[in-house]
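Chemist: First, the structure itself, so that you have it in front of you.
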Amino acid sequence: MSQNTKLKEIAKLFFKLGSIAFGGPAAHIAMMEDEVVKKRKWMTQEHFLDLVGATNLIPGPNSTEMTMHCGHERAGWKGLFVAGICFIFPAVVITSVFAWLYQQYGQLPDVEPFIYGIKPAVISIIVMAAFRLGKKAIKTTELAILGIITLAACLLGINEIIALFGCGTLGLALYFFKKQTGTLKSIIPLLFFQVVDPSKIGTLKIFLTFLKVGAILYGSGYVLFAFLDTELVANGWLTRQALIDAVAVGQITPGPVLSTATFIGWQMNGISGAIAATLGIFLPSFLFVLLLNPLIPKMRKSKIIGAILDAVNVAAVALIVAVCVEMAKDTLTDWRTIVIALISLIVVFAFKKLNSAFIVLGGAIAGYILTFI
């Protein structure tokens with residue numbers, strides 16, 4: 001297959017995922033695993049897990065960085081950029097429409113009936129991904145125990161990044177306990193800070209502010225909102241109500257949650273602010289993945305780094321399960337959502353070749369219909 005054909009294939013796939021991927025990073029990664037590993041066989045499940053684990057160790061949006069890893073595996077650095085851009089683009093366009101409507105009318109359109117059904121349907125997609133990835137990640141009894149500890153820690157409210165790195169550290173300690181010898185090599189993520197003058201906000205300052213956020217942000221979209229509250233609301237650049245509405249936009253649009261930056265940038269400085277915020281928050285991810293991807297096979301060959309990766313991979317699956325549990329607690333609040341979730345779960349396991357897009361679409365339609373019952 002020629003390079004151009006591969007790039008078109010990558011563009012088509014990730015544009016589709018960017019258009020239908022609701023439910024946050026865990027759901028996005030579940031859909032990617034289904035498309036890239038199970039259906040297209042671009043890589044093994046083990047390597048996909050290594051990419052998930054490595055992505056959790058660097059700043060930035062995990063699912064967006066996973067699209068870049070998948071693109072790189074298929075077509076090198078060009079594939080990385082095509083995959084990332086095509087995944088981000090639909091969310092940015094949809095968010096821009098919401099941003100314009102919000103600026104014009106001061107409120108968001110009512111799409112809650114559709115989201116009502118999408119959320120429980122997405123839970124089934126996450127469960128299937130956790131099941132498939134878990135079978136590959138849990139290689140030994142010790143790794144199973146590490147996964148259970150990580151899951152318990154997350155459910156008890158321990159920060160997901162602390163849980164992830166803690167599991168990696170335990171995995172390393174377990175390796176040395178077994179081997180009683182060896183040397184430690186580590187890769188430290190590149191972090192940088194850019195001071196922005198709070199007295200005035202323009203396009204360049206918006207870009208630099210979101211560039212900083214994109215370069216040092218770990219964790220979920222909720223961590224992003226806490227970060228932006230400190231960076232923007234405290235400086236008087238954005239009202240807290242606008243930030244809360246931005247959170248809502250992040251929940252009702254497909255694709256990466258960080259596309260919320262587009263909405264916020266638009267409120268701060270119109271279309272130029274939206275472009276600056278979008279470029280700023282996503283640019284570090286492209287650079288981090290470009291640097292990290294070629295190192296992952298070398299990391300796997302090292303027994304020490306391999307032990308850390310094994311533990312981090314199990315922790316990543318545990319994080320996905322924890323997200324699923326929290327989503328279920330928030331989402332399955334009445335008989336309608338429970339019915340949608342159960343039917344979606346049955347469909348996912350009974351028709352394993354069914355495209356996840358149909359699950360999302362079916363959930364949206366069912367949600368819309370059931371809200372009137």
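The values are calculated or read from the model by the stated rules, or taken from the named source; none is laboratory data. Computed from a prediction, not measured in an experiment: that's the story for all the values here. No Cβ is skipped: glycine too gets one built from the backbone with ideal geometry, and neighbour counts run over all protein chains shown. Accessible surface areas use protein heavy atoms only, side chains included; no ligands, DNA or RNA. Shrake-Rupley method; radii C 1.70, N 1.55, O 1.52, S 1.80 Å.
Chemist: Considering the chain, what Rg and Dmax in Å follow from its alpha-carbon atoms?
Modeler: Looking at the chain, its Cα Rg and Dmax stand at 20.4, 66 Å.
Chemist: In Å, what is the Rg of the alpha-carbon atoms in segment 236-373, and how long is Dmax?
Modeler: 20.2, 58
Chemist: Could you tell me which residue out of SER124, VAL347, THR44 lies farthest along the dipole of the chain toward its positive end? Charges go on the beta carbon: Lys and Arg +1, Asp and Glu -1, centred on the Cα centre.
Modeler: Checking the options against the dipole of the chain, the answer is THR44.
Chemist: If you don't mind, there's one more thing I want to ask. Please report the carbon-and-sulfur percent of the accessible area for the chain; probe 1.4 Å, protein heavy atoms only, DNA, RNA and ligands left out.
Modeler: On the way: 11510 of 16870 Å².
Carbon-and-sulfur percentage of accessible area, whole number: 68.
Chemist: Same structure again: Which trypsin sites (Lys or Arg not before Pro) in segment 36-85 sit in a loop by DSSP (not H, G, I, E or B) and have at most 11 other Cβ atoms within 10 Å of their own Cβ?
Modeler: Numbers: sites: LYS38, LYS39, ARG40, LYS41, ARG74, LYS78; in loops: ARG40, LYS41.
The qualifying sites are LYS41.
Chemist: Enumerate the calculated ³J(HN,Hα) couplings along segment 330-339 in order (Karplus 6.51 cos²θ - 1.76 cosθ + 1.60, θ = phi - 60°), each rounded to whole Hz, writing x wherever the residue is Gly or Pro.
Modeler: Whole-Hz 3J(HN,Hα) from phi for segment 330-339: 7, 9, 7, 9, 8, 5, 5, 5, 5, 4.
Chemist: To continue, here is another question. Kirkwood Rh over alpha-carbon pairs of segment 17-168, then Stokes-Einstein at 4 °C and 1.567 mPa s: what D in µm² s⁻¹, rounded to an integer? Can you show the working numbers first?
Modeler: On the way: Rh = 17.2 Å.
It diffuses with D of about 75 µm²/s by this estimate.
Chemist: Shifting gears a bit: So what is the accessible area of the chain per residue, in Å², with the probe set to 1.4 Å?
Modeler: Details: 16870 Å² over 373 residues.
Value for the chain: 45 Å² per residue.
Chemist: Kindly give the semi-axes, whole Å and largest first, of the ellipsoid equivalent to segment 314-373, taking each as the square root of 5 times a Cα gyration tensor eigenvalue.
Modeler: Details: eigenvalues 95, 57, 16 Å².
Over the Cα atoms of segment 314-373, the ellipsoid semi-axes are 22, 17, 9 Å.
Chemist: Whole-Hz ³J(HN,Hα) for each residue in segment 128-137, computed from phi via Karplus 6.51 cos²θ - 1.76 cosθ + 1.60 with θ = phi - 60°, x for glycine and proline: what do you get?
Modeler: Each residue's phi maps through the Karplus curve to give 4, 5, 4, 5, 5, 5, x, 4, 7, 6 Hz.
Chemist: If you don't mind, there's one more thing I want to ask. Any idea what the dipole of the chain comes to, in debye rounded to 20, about its Cα centre with Lys/Arg Cβ at +1 and Asp/Glu Cβ at -1? It would help to have the intermediate numbers written out before the result.
Modeler: On the way: 30 positive and 20 negative charges, 292 e Å.
For this selection, approximately 1400 debye.
Chemist: Quick one: what does P(r) look like for segment 110-152 with 10 Å bins over all Cα pairs, in whole %?
Modeler: Going out from 0 Å in 10 Å bins, segment 110-152 shows 24, 34, 22, 15, 4 percent.
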